1. Out of 222, 270, 300, 261, which single residue is in contact (Cβ under 8 Å) with a residue 40 or more places away in the chain, touching a strand residue (DSSP E or B) at 6+ places or on another chain (Cβ under 9 Å) and buried (at least 23 other Cβ atoms within 10 Å of the Cβ)?
2. Restricting the search to the range 257-275, which residues are touching a helix residue (DSSP H, G or I) at 6+ places or on another chain (Cβ under 6 Å), within 16 Å of the ligand (Cβ to nearest atom) and at pLDDT 95 or above?
3. Do we find that residue 104 is crowded, with 24+ Cβ neighbours inside 10 Å and within 16 Å of the ligand (Cβ to nearest atom) in this structure?
4. Just to be sure, is residue 127 assigned by TED's automatic domain parsing to the domain that holds residue 98, away from the ligand (no atom under 13 Å from the Cβ) and more than 16 Å from the chain's Cα centre (by Cα)?
5. With a cut-off of at least 1 residues that are closer than 30 Å to residue 291 by Cβ, name the helices (runs of 4 or more DSSP H) lying wholly within the range 78-190.
6. Is the range 281-288 home to any residue that is part of a helix (DSSP H, G or I) and either crowded, with 24+ Cβ neighbours inside 10 Å or away from the ligand (no atom under 16 Å from the Cβ) (or both)?
7. Looking at 37, 27, which one is touching a strand residue (DSSP E or B) at 6+ places or on another chain (Cβ under 8 Å) and either more than 16 Å from the ligand (Cβ to nearest atom) or more than 18 Å from residue 169 (Cβ to Cβ) (or both)?
8. On the given criteria, is residue 144 within 11 Å of the ligand (Cβ to nearest atom) and either surrounded by fewer than 22 Cβ atoms within 10 Å (Cβ to Cβ) or in contact (Cβ under 8 Å) with a residue 24 or more places away in the chain (or both)?
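The values are calculated or read from the model by the stated rules, or taken from the named source; none is laboratory data. Remember, predicted model here, so these are calculated numbers, not experimental data. Methodologically, a virtual Cβ is constructed for each residue, glycine included, from the backbone with ideal geometry; neighbour enumeration extends over all protein chains shown.
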Ligand code: MEV
């Protein structure tokens, strides 16, 4: 039991986008799932002054010394405001195993964990809609024009179909989906990648709108394949999505190398995941093929490989 103003801890998972990134910023649907194998953990303890300690980003500072719009400072201040409480000073200790700037939602997960930990510290539980709204507000500081998919999948911790402005639906998954997630080791700065797509969209709107529509078709095909448990069809949809991500200029030689290595080792489909430019890719494999694909990705230069399986959703 958490007593008010005792030390508390809260966690939030990472996330991976199965299909539809970037187009989701322009109102098309996208599919995302939580990744529980990595997580952000936030511990809040009473302290002589408000303090933030985030060793992964070499930060150890008084909250008041951070720039006013720093996302961590904003996460703390906005949460206290939402709780309408005047707390005693706390030390916020952030320990995340989610790689930073890798397309796995580290920023959103840290915010969600901060919001939940501060609420618990005050002896409260905020409803998920409010946690999500706070995390979205902080995402805007990280990324400029986020769609809201990262904070939503991380807050609710469910596989979902997300559409900006229309909320989310549970993604139906008929049978286990073997996944291999591999990191290029190159940073994927979401803000820059999203801004680059916007610049190219502004210069060629018709072409980019058509590409976003084609991504929406790949998303619909992937969604149907998941709902009926057709892994080869899911793979085809992901391959189509990857070609379209290349066309909007967000893949990279390192991502293409990993995608090719996965396909050459029998993956049904493979694509970059998240903002691109670096960060992670994912492959859908036959159930018996995960280990070989993981091995091939390491041999092709992946700096970190996560082997996981998306579980089926319960029948409604
Ligand atoms: C980043 O995880 C996904 C993007 O579509 C950006 C966004 O949706 O905010 C690239």
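1. 222
2. 271, 272
3. Numbers: crowded, with 24+ Cβ neighbours inside 10 Å: yes; within 16 Å of the ligand (Cβ to nearest atom): yes.
Spelling it out, residue 104 is indeed crowded, with 24+ Cβ neighbours inside 10 Å and within 16 Å of the ligand (Cβ to nearest atom).
4. Spelling it out, residue 127 is indeed assigned by TED's automatic domain parsing to the domain that holds residue 98, away from the ligand (no atom under 13 Å from the Cβ) and more than 16 Å from the chain's Cα centre (by Cα).
5. On the way: elements: 106-121, 128-143, 149-156.
Fully inside the range 78-190 and qualifying: 106-121, 149-156.
6. Yes - at least one qualifying residue is present in the range 281-288.
7. Answer to the check: 37.
8. Considered against the rule, which asks whether it is within 11 Å of the ligand (Cβ to nearest atom) and either surrounded by fewer than 22 Cβ atoms within 10 Å (Cβ to Cβ) or in contact (Cβ under 8 Å) with a residue 24 or more places away in the chain (or both), residue 144 comes out as yes.
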